[in-house]
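The values are calculated or read from the model by the stated rules, or taken from the named source; none is laboratory data. Source: prediction; values computed, not measured. Methodologically, a virtual Cβ is constructed for each residue, glycine included, from the backbone with ideal geometry; neighbour enumeration extends over all protein chains shown. Heads up: the accessible areas ignore ligands, DNA and RNA and are worked out on the full protein's heavy atoms, side chains in. Shrake-Rupley method; radii C 1.70, N 1.55, O 1.52, S 1.80 Å.
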Amino acid sequence: MPGRLESDAGPTGRHAAGLFAAAAMHRDSNGNALHAPVLVLNASYEPINVCAARRALVLVLKGVAMTEEENGHFLHAARVAMRVPSVIRLLEYRRIPHQSRALSRKNILLRDRNTCQYCATVLPSGELTLDHVIPRSRGGSSTWENLVACCHLCNRRKGNQFPLEAGMKLMREPRAFNLHTSRHIMRLMGRSDDKWRKYLFY
Ligand SMILES: [Zn+2]
């Protein structure tokens, strides 16, 4: 989905790049505002993604999206001041494939919210590993349903055993990452932003 938006940099995209190069000189005032999360809505108002404010501004400057809500900050670059969006909406409807997201370490950790699925410890991504619930050596495959976030301690303890053999229990059944899961994550991210609420909670 929005990954595709990444590539179509037109003349306005280059203009935007110049703007951000100028903005970089005022990093102190703009730095944080540019990394603030922005909710991306489809043309139909369906929430489809979260991106950084910097990227949202590029989409608005390129005429791909429009600002629906502002976050109260300004981006000062050269002689221009732009309002930083909090919610943007794509002007053209994009079909979002209903198939689940790509299986990747990042997405597994996202689904499991950086929580070891055996001992419930929440850790930074770098301190988590992926565990094959049914060990690979015993025929377990690398699938959404067989991979979970796991701390190194639990991973060592489990070794080549089934959870039951190791006396361990999964917090919950691992499932594929679907639209419901992504919306849940968007809600978690948007909890602090009132302006997201009406698009995410209905
Ligand atoms: Zn653990």
Q: Take residue 193 and decide whether it is within 28 Å of residue 44 (Cα to Cα) and either buried (at least 16 other Cβ atoms within 10 Å of the Cβ) or modelled with pLDDT under 90 (or both).
A: yes
Q. Do you know which residues across segment 107-127 are among the hydrophobic types (A, V, I, L, M, F, W, C), within 9 Å of the ligand (Cβ to nearest atom) and open to solvent by 40 Å² or more (accessible area, probe 1.4 Å)?
A. 119, 120
(Q) Need the failing condition index for residue 48 against (1) open to solvent by less than 40 Å² (accessible area, probe 1.4 Å); (2) at pLDDT below 85; (3) β-branched (Val, Ile, Thr); (4) over 19 Å from the mean Cα position of the chain (by Cα), just the number. (A) (4)
Q: Find the residue count for segment 141-162, including only residues that are assigned to a loop (DSSP other than H, G, I, E, B) and either within 12 Å of the ligand (Cβ to nearest atom) or within 28 Å of the chain's Cα centre (by Cα) (or both).
A: 6
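Kindly evaluate residue 40 against the criterion of being part of a strand (DSSP E or B), among the hydrophobic types (A, V, I, L, M, F, W, C) and at pLDDT below 90.
Numbers: part of a strand (DSSP E or B): yes; among the hydrophobic types (A, V, I, L, M, F, W, C): yes; at pLDDT below 90: no.
Against the criterion (part of a strand (DSSP E or B), among the hydrophobic types (A, V, I, L, M, F, W, C) and at pLDDT below 90), residue 40 does not qualify.
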Q. How many residues, within segment 163-175, are open to solvent by 70 Å² or more (accessible area, probe 1.4 Å), within 30 Å of the chain's Cα centre (by Cα) and hydrophobic (A, V, I, L, M, F, W, C)?
A. 1
